[in-house]
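Take a look at the structure set out below.
The values are calculated or read from the model by the stated rules, or taken from the named source; none is laboratory data. Note that the structure is a prediction, hence the values are computed from the model and not measured. Because the Cβ atoms are built from the backbone with ideal geometry, glycine has one as well, and the counts that use them run over all protein chains shown. Remember, those area values only see protein heavy atoms, side chains included, never the ligands or the DNA or RNA. Shrake-Rupley method; radii C 1.70, N 1.55, O 1.52, S 1.80 Å.
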Amino acid sequence: QVYLEDSGGGLVQAGGSLRLSCTASGRTFSSLPMAWFRQAPGKEREFVAGLNWSDRTSYLDSVRGRFTIIRDNPNKAIYLQMDNLTTEDTGVYYCNAAGYYSDYTSSAGDYWGKGTQVTVSS
């Protein structure tokens with residue numbers, strides 16, 4: 001069992017930055033695949049960024065070069081550094097664990113955080 005707590009969302013102007021955090025508990029963390037998904041109003045939830053068991057990163061094409069996913073093993077946490085935000089990045093961001101994440105395909109794991117709202121204003 002994995003428990004996830006995500007945080008760090010907020011309101012930011014286009015071009016600004018935010019850093020999301022997700023802390024995990026309940027299972028060995030260092031090799032646990034971790035990811036961020038997001039869901040915009042009226043749209044399906046989509047993969048944003050992930051770390052596989054060997055810390056290989058993967059990204060949604062539209063965020064590559066602007067977002068960075070980082071693992072912090074001592075604190076059992078991952079972060080999503082989001083820079084140069086656009087209004088298209090608005091949505092609820094969810095931490096996810098134990099899935100399969102790559103640049104070509106991804107499947108969510110069974111463990112989810114409650115989500116944190118990111119709103120980017122123009």
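Determine if the stretch 13-27 includes at least one residue that is crowded, with 17+ Cβ neighbours inside 10 Å, in a loop (DSSP other than H, G, I, E, B) and either on the phi < 0 side of the Ramachandran plot or touching a helix residue (DSSP H, G or I) at 6+ places or on another chain (Cβ under 8 Å) (or both).
Checked the stretch 13-27: no residue is crowded, with 17+ Cβ neighbours inside 10 Å, in a loop (DSSP other than H, G, I, E, B) and either on the phi < 0 side of the Ramachandran plot or touching a helix residue (DSSP H, G or I) at 6+ places or on another chain (Cβ under 8 Å) (or both).
Hey, could you check the stretch 102-114 for residues that are among the small types (Gly, Ala, Ser) and either over 23 Å from Val12 (Cβ atoms) or more than 13 Å from the chain's Cα centre (by Cα) (or both) and say which is surrounded by the fewest Cβ atoms within 10 Å (Cβ to Cβ)?
Narrowing the stretch 102-114 to residues among the small types (Gly, Ala, Ser): 102, 106-109, 113.
If we keep only those that are either over 23 Å from Val12 (Cβ atoms) or more than 13 Å from the chain's Cα centre (by Cα) (or both) too, we end up with 102, 106-109.
Numbers: Ser102: 13, Ser106: 21, Ser107: 11, Ala108: 18, Gly109: 19.
Restricting to residues being among the small types (Gly, Ala, Ser) and either over 23 Å from Val12 (Cβ atoms) or more than 13 Å from the chain's Cα centre (by Cα) (or both), the top hit is Ser107.
Can Ala97 be described as in contact with a Phe, Trp or Tyr (Cβ under 6 Å, 6 or more places away or on another chain) and closer than 22 Å to Lys114 by Cα? Break it down stepwise before answering.
Details: in contact with a Phe, Trp or Tyr (Cβ under 6 Å, 6 or more places away or on another chain): yes; closer than 22 Å to Lys114 by Cα: yes.
Yes; evaluated as a whole, the condition is true for this residue.
Do you know which residues across the stretch 87-101 are open to solvent by 20 Å² or more (accessible area, probe 1.4 Å), at pLDDT below 95 and of a type outside the set (Phe, Trp, Tyr)?
Initially, the stretch 87-101 is screened for residues open to solvent by 20 Å² or more (accessible area, probe 1.4 Å), giving 87-88, 90, 92, 94, 98, 100.
The next check asks that each one be at pLDDT below 95; those that pass are 98, 100.
The answer is Ala98, and nothing else.
Condition check: of a type in the set (D, E, K, R), in contact (Cβ under 8 Å) with a residue 24 or more places away in the chain and surrounded by fewer than 16 Cβ atoms within 10 Å (Cβ to Cβ). Does Asp55 satisfy that? Break it down stepwise before answering.
Details: of a type in the set (D, E, K, R): yes; in contact (Cβ under 8 Å) with a residue 24 or more places away in the chain: no; surrounded by fewer than 16 Cβ atoms within 10 Å (Cβ to Cβ): yes.
In short, no.
Return the residues of the stretch 58-70 that are part of a loop (DSSP other than H, G, I, E, B) and surrounded by fewer than 16 Cβ atoms within 10 Å (Cβ to Cβ); say none if nothing qualifies. Write out each step before concluding.
In the first step, residues of the stretch 58-70 are kept if they are part of a loop (DSSP other than H, G, I, E, B); the result is 60-63, 65-66.
Listed by number, the residues that qualify are Asp61, Ser62, Gly65, Arg66.
Residues in the stretch 30-38: is at least one open to solvent by 30 Å² or more (accessible area, probe 1.4 Å), assigned to a strand (DSSP E or B) and out of contact with any Pro (no Cβ under 8 Å at 6 or more places or on another chain)? Before the answer, list the steps.
Step one: list which residues in the stretch 30-38 are open to solvent by 30 Å² or more (accessible area, probe 1.4 Å), which gives 30-31.
Going one step further and asking which of them are assigned to a strand (DSSP E or B), we end up with none.
No, the stretch 30-38 contains no residue that is open to solvent by 30 Å² or more (accessible area, probe 1.4 Å), assigned to a strand (DSSP E or B) and out of contact with any Pro (no Cβ under 8 Å at 6 or more places or on another chain).
Please go through the stretch 50-71 and pick out each residue that is over 15 Å from Tyr100 (Cβ atoms), of a type in the set (Asp, Glu) and in contact with a Ser or Thr (Cβ under 9 Å, 6 or more places away or on another chain).
none
Results for (1) touching a Gly at 6+ places or on another chain (Cβ under 7 Å); (2) over 15 Å from Ser106 (Cβ atoms); (3) of a type in the set (D, E, K, R), shown as yes or no for each residue.
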position	(1), (2), (3)
Thr23	no, yes, no
Phe29	no, yes, no
Pro33	yes, no, no
Arg38	yes, no, yes
Arg56	no, no, yes
Arg64	no, no, yes
